[in-house]
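The values are calculated or read from the model by the stated rules, or taken from the named source; none is laboratory data. Keep in mind that what you see is a predicted model, and the values were worked out from it rather than measured. Every residue, glycine among them, receives a Cβ derived from its backbone with ideal geometry; neighbour counts consider all protein chains shown.
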Amino acid sequence: MKILILILSLSFITLSSAQPPAFDQDQAFAYLEKQCSFGPRNPGSDGAKECLKWFETTLRKFGAEVYLQRFEAEEALTGVNRRLTNVIGYFPGGSSSTLMLCAHWDTRAYADRDPDPEKRKTPIAGANDGASGVAALLEIARIASEHKPPRNLLIALWDGEDMGRASYAEEFGLGSKQWAAHQIPEPVDEAILLDMIGDAELEIPIEQNSDVNAPDLRRRLWSIADRLELTAFADWSGPSVFDDHVRLIRAGIPAVDLIDFNYPYWHTIEDTPDKCSPESLGQVGRLLVGYIWGVE
Ligand SMILES: [Zn+2]
């Protein structure tokens, strides 16, 4: 009888502790600052080489299976041929379904929207445009190292997103295009893209390509945001953005882009960590944790 009581009380403890893991927004912000500490991470830069090594080490430390997808492409913005690398961290889960979470890690070679013409050939720090989405995903990877995800989790960090000339959409999103053509280590069932989610004044409207092509996933995410009272998620339609998710949608994968495109420092040398906040990363991170591990 004593044994039975012990078993019952143990199962009670297990049940009562079954709440979603916590997303540590300060840790996520430290990952944003760490990326920026390498300097600009535009293709071919020293910062990119060092940061790439750090991604690999960090994801391995979290127990992910790591795949480096290498390819070459012309950087239309500079006219230079570049060697590029997508970084994939894979966490096997408790079912056969696979969720992809992704963000681009490269930063733009030129601050071509800087108000000062003298600075328009300077590479950007990319605190928001690049580092923010990756920072939230590395914190998700850290959580996945402690809490096995219910589904397989494929975290993709894209290279070659920001190499295009303004107004030439097809010159952007080269890493996701490469992955869509060679889906390693396995195809995915759906995808969530994070881009420019670090803005201290974060507001994420409904992105149009996501809403048209992945309406169910889009609605599920906004309904979780509502339940968790994540005020950064706005219930109005924002612009239609050509981003990495379009490459996935074209490959038949339902994909939603979480993006705040209203950022005055976009493609300027002022895109630095002080324009971003841990709270903003926390809004998006809690949404992802709620979606992956469930809402209380
Ligand atoms: Zn950009």
Can we say residue 120 is in contact with a strand residue (DSSP E or B) (Cβ under 7 Å, 6 or more places away or on another chain), surrounded by fewer than 23 Cβ atoms within 10 Å (Cβ to Cβ), at negative phi and not aromatic (Phe, Trp, Tyr)? no
Conditions first: (1) farther than 13 Å from residue 86 by Cβ; (2) in contact (Cβ under 8 Å) with a residue 24 or more places away in the chain. Residue 170 passes all but one, so which condition is the exception? (2)
Considering only region 210-240, state which residues are in contact (Cβ under 8 Å) with a residue 40 or more places away in the chain and of a type in the set (Val, Ile, Thr). 224, 231
I'd like the residue in region 169-182 that is among the small types (Gly, Ala, Ser) and either outside any helix (DSSP H, G or I) or surrounded by 15 or more Cβ atoms within 10 Å (Cβ to Cβ) (or both) and, out of all such residues, is farthest from the ligand (Cβ to nearest atom). 180
Write out, first by first residue and then by second, each pair whose Cβ atoms fall under 6 Å of each other, whose residues are 6+ apart or on separate chains, and whose first residue, in region 252-273, is within 11 Å of the ligand (Cβ to nearest atom) while the second is among the hydroxyl-bearing types (Ser, Thr, Tyr). 271/265
It is to be established whether one or more residues within region 136-148 are in a loop (DSSP other than H, G, I, E, B) and more than 16 Å from the ligand (Cβ to nearest atom). yes
Take residue 260 and tell me if it is crowded, with 20+ Cβ neighbours inside 10 Å, farther than 16 Å from residue 99 by Cβ and touching a Leu at 6+ places or on another chain (Cβ under 6 Å). yes
Residues that are within 22 Å of the chain's Cα centre (by Cα), at pLDDT 95 or above and surrounded by fewer than 16 Cβ atoms within 10 Å (Cβ to Cβ): find the helices (runs of 4 or more DSSP H) completely inside region 2-107 holding 1 or more of those. 25-37, 46-61
Residues satisfying the stated conditions in region 115-133, i.e. away from the ligand (no atom under 13 Å from the Cβ) and either among the acidic types (Asp, Glu) or assigned to a helix (DSSP H, G or I) (or both): 116, 117, 118, 119
